[in-house]
Amino acid sequence: MRATQNGIYLGDDRHALLTRLQSLVADLSAPDFPQLSSIPVMIDSYKVSRREVPCLLGTAFGHPKILDGHASISSELFYFDPERGIARTMSRWYRLGTPANPQF
C-alpha cells in the first residue's frame, strides 16, 4: 500500500493504478482481440483460481444488491481514505461508517 496526501491507493501510486486500469478498459473495449500469434506470453498447465485481494467487509446500507443491515464483502479495494470517510472498490464508492477495528 502506498500512502498519499489524501489516503491510500492499494498496490500502486495513483498514476500507475490509473494507467493499468485504463489499459484494461482499452483492451476489453476494443472491437477485436489481438491475434493469438501476437501475444508473447503463454501460460501452460493453467487453471482458473482465486487469490486474496484487499476488500471491505462490513454491514451494507444503501447497496443496490444487498439488503440494508446484511453482511457484505466488496469487490477489490483500490482506494481507502478513513480520514475523509470514503473508499473506492472496483464497483463503486463507499461511505465509511464505524470501523470494526479502530486500530487499522
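The values are calculated or read from the model by the stated rules, or taken from the named source; none is laboratory data. Source: prediction; values computed, not measured. Every residue, glycine as well, gets a Cβ built from its backbone with ideal geometry; the counts of neighbours run over all protein chains shown.
Failed condition for S23, given (1) among the small types (G, A, S); (2) modelled with pLDDT under 85; (3) part of a helix (DSSP H, G or I), with all others met?
The one condition S23 does not meet is (2).
List pairs: first residue in region 43-59 and exposed (fewer than 10 other Cβ atoms within 10 Å of the Cβ), second residue assigned to a loop (DSSP other than H, G, I, E, B) anywhere in the structure, Cβ distance under 9 angstrom, at least six positions apart or on different chains.
L57/S74; L57/A100
Based on what the data block shows, is I86 surrounded by 10 or more Cβ atoms within 10 Å (Cβ to Cβ), more than 19 Å from Y9 (Cβ to Cβ) and among the β-branched types (V, I, T)? Steps first, answer last, please.
Details: surrounded by 10 or more Cβ atoms within 10 Å (Cβ to Cβ): yes; more than 19 Å from Y9 (Cβ to Cβ): no; among the β-branched types (V, I, T): yes.
No, not satisfied.
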